[in-house]
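Student: What follows is a single structure, and I will ask about it in a moment.
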Amino acid sequence: MPKFIGLLLLLIAIIHIIQAQGQQGFTSLDCGLPANETSPYEESYTKLMFTSDETFIRSGRNGRIRENPEGFAKPYETLRYFPDGIRNCYSLKVEKGRTHMIVARFVYGNYDGFDVKPKFDLYLGPNLWATIDFQRLGTNSTNEEILHMPTSDSLQICLVKTGETTPFISALEIRALGNDSYITKSGSLMRLSRSYFSKSGSNIRYMKDIYDREWVAYNGAGFQGEWTNISTTLDVNNSNKYVPPKDALIHAATPTDANAPLTIELPSGGSGEEYYFYAHFAEIQDLQANDTREFNISLNGEVLSDPIIPKKLDITTVSSVGTCQGMECILQLTRTNRSTLPPLINALEIFTSIRFPQSETDENDGMWKQIINIIEYL
C-alpha cells in the first residue's frame, strides 16, 4: 500500500509539471503556495493557470505577505524564502534554441515581520542575471525580465544569498516566444521598458498579449504638453513575428507642434550599454489624399533605420541596435522634408544586451532532477 501511494504521488507531481508547462508554452509558478491550497488554479485577471513550485525545488520555506495583500494578484501573495544555504535553484524544462521570456517576480510585503529590505542575487544557471536590492529600490515589489535562448532543454534559476538578508521569490513565469523574434547578435536581452503610448490606461497582459508581455501606459513627460495622444476604435492588424497587442496599437503619440520631433528620454542602462529597440507603428488617423507621414528614428543624433511610413491600420515593427555614450540617451522621431505630417509612435520596447560567459545545464538534467528528487523524497 505505501508503495502504491508513493507511485500515485509521483504521478500527480509529474502531471503538475506537465500542466504548468502546457499553456501554449507557458510555465507559471506560484512560489510558496501552501500545500492545502488548490494547484493548479486559474488566476482571475490573466486567466493563466498557476501551479505550486514545490515539485521544481526541494529547498526553502513558504511565506505570505503581511502588508497590502489585497493589492496583489493571488500568485504574488505568497512566496518562497531561503534561510538555509547560499544557493537555491529551480530546475525548469524549456525548449532548446527557442527564445523564452523569463520573468522573476518579488513582493516583499514584510512577510517575515522584520521590515528589513532584502538584497540578494538572481542567477540564470551559473551566470549572474541581476541583483535584487529592495534597499536601493525603496519599493515593496519588483520584477526582472530577460529574453533568453536556452542552449539546452533545461534551465536553472537560482536565488543566491550575498549578505545578512534572506533571498526569496514570489513567482516564476516563463513564456516561449515566436520563432525568429527578438534575435540578437549575441547574448540575451534584459528589459528596460515596454510601453504603449497612451496618457492613461491599465497594464496589458495575457490574453490581450498572446505571449503575456506586460505593456505599461507611457508616463513620461511628453504628454504634459509636448505630445498629443491619438487613438482609434478601429481594428489594427498586429500580424508580424512580434505580434504586439492590438490594445496597444490603437493608441499613439504625436508631437503637438507638427514641425517638432517626438523626443523620448530612455531609461539608462549605463554608459556604453548596447540597446536593442523594437518600435511598433501603425497609422491610426484618416489621411487626406495629399498627406504623407514619413519620419526618421535616431538615437543621440544617429539615424537607426530607413525612413518610416506607417501603414494604415497595419503593424510595422522597426528593430535596431545602438549605444549611448555618457548617461544621456535620447530617441528622436523626426519628420522628413517631404512629410506633411508629424511622426507618431504606438508602442516601444527597450532592452540592454547581457552576455552569459558560462554554459548552461546539460540537456536532460532539468526534468530528471525533478523526478529523481521526488523519488528520493518518497
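Student: When you scan the stretch 269-327, how many residues do you find that are within 24 Å of the chain's Cα centre (by Cα), part of a loop (DSSP other than H, G, I, E, B) and surrounded by 17 or more Cβ atoms within 10 Å (Cβ to Cβ)?
Tutor: So the count comes out to 5.
Student: Which of (1) surrounded by fewer than 24 Cβ atoms within 10 Å (Cβ to Cβ); (2) in the same structural domain as ILE350 (by TED's automatic domain parsing) is the odd one out, the single condition GLN156 does not satisfy?
Tutor: (2)
Student: Now for a separate question. Please work out if SER44 is surrounded by fewer than 18 Cβ atoms within 10 Å (Cβ to Cβ), among the hydroxyl-bearing types (Ser, Thr, Tyr) and in a loop (DSSP other than H, G, I, E, B).
Tutor: yes
Student: Can I ask one more? Identify the residue in the stretch 206-217 that is out of contact with any Leu (no Cβ under 8 Å at 6 or more places or on another chain) and more than 27 Å from THR228 (Cβ to Cβ) and, among all such residues, is surrounded by the most Cβ atoms within 10 Å (Cβ to Cβ). Full working, then the answer.
Tutor: Within the stretch 206-217, the first condition is being out of contact with any Leu (no Cβ under 8 Å at 6 or more places or on another chain), and the residues that meet it are 207-210, 213-217.
From the residues that got through so far, the ones that are more than 27 Å from THR228 (Cβ to Cβ) too are 207, 210.
Values: MET207: 10, ILE210: 15.
Looking at the filtered set, the residue picked out is ILE210.
Student: Sticking with this one: Please find, within the stretch 187-217, the residue that is nearest to ALA176 (Cα to Cα) out of those that are among the aliphatic types (A, V, I, L, M) and assigned to a loop (DSSP other than H, G, I, E, B).
Tutor: Among residues in the stretch 187-217 that are among the aliphatic types (A, V, I, L, M) and assigned to a loop (DSSP other than H, G, I, E, B), the one nearest to ALA176 (Cα to Cα) is ILE210.
Student: Does the stretch 121-138 hold any residues that are surrounded by fewer than 21 Cβ atoms within 10 Å (Cβ to Cβ), within 23 Å of PRO83 (Cβ to Cβ) and free of Cβ contacts under 8 Å to residues at least 60 places away in the same chain, and which are they?
Tutor: Within the stretch 121-138, ASP121, LEU122, TYR123, LEU128, THR131, ASP133, PHE134, GLN135, ARG136, LEU137 qualify.
Student: Give the stretch 250-268 a look and list any residue that's part of a loop (DSSP other than H, G, I, E, B) and of a type in the set (Asp, Glu), or say none.
Tutor: Within the stretch 250-268, ASP257 is the sole residue that qualifies.
Student: Taking the stretch 121-158, which residues are of a type in the set (S, T, N, Q) and assigned to a strand (DSSP E or B)?
Tutor: Matches in the stretch 121-158: ASN127, THR131, SER141, THR142, ASN143, SER154, GLN156.
Student: Determine whether the stretch 159-179 contains at least one residue that is among the small types (Gly, Ala, Ser), part of a loop (DSSP other than H, G, I, E, B) and surrounded by 22 or more Cβ atoms within 10 Å (Cβ to Cβ).
Tutor: Yes: one or more hits.
Student: Within the stretch 255-264, how many residues are β-branched (Val, Ile, Thr) and either under 17 Å from THR233 (Cα atoms) or surrounded by 20 or more Cβ atoms within 10 Å (Cβ to Cβ) (or both)?
Tutor: So the answer is 1.
Student: Looking at GLU54, GLU42, GLU77, GLU67, can you tell me which residue is outside the structural domain of LYS208 (by TED's automatic domain parsing) and at pLDDT below 95?
Tutor: Just a single option satisfies the conditions, and that option is GLU67.
Student: Which one is surrounded by the fewest Cβ atoms within 10 Å (Cβ to Cβ) among residues in the stretch 180-201 that are among the hydroxyl-bearing types (Ser, Thr, Tyr) and under 23 Å from ILE264 (Cβ atoms)?
Tutor: SER200
The values are calculated or read from the model by the stated rules, or taken from the named source; none is laboratory data. Everything numeric here is computed off the predicted structure, so don't read it as measured data. For neighbour counting, all protein chains shown are included, and Cβ atoms are generated from backbone atoms with ideal geometry for every residue, glycine included.
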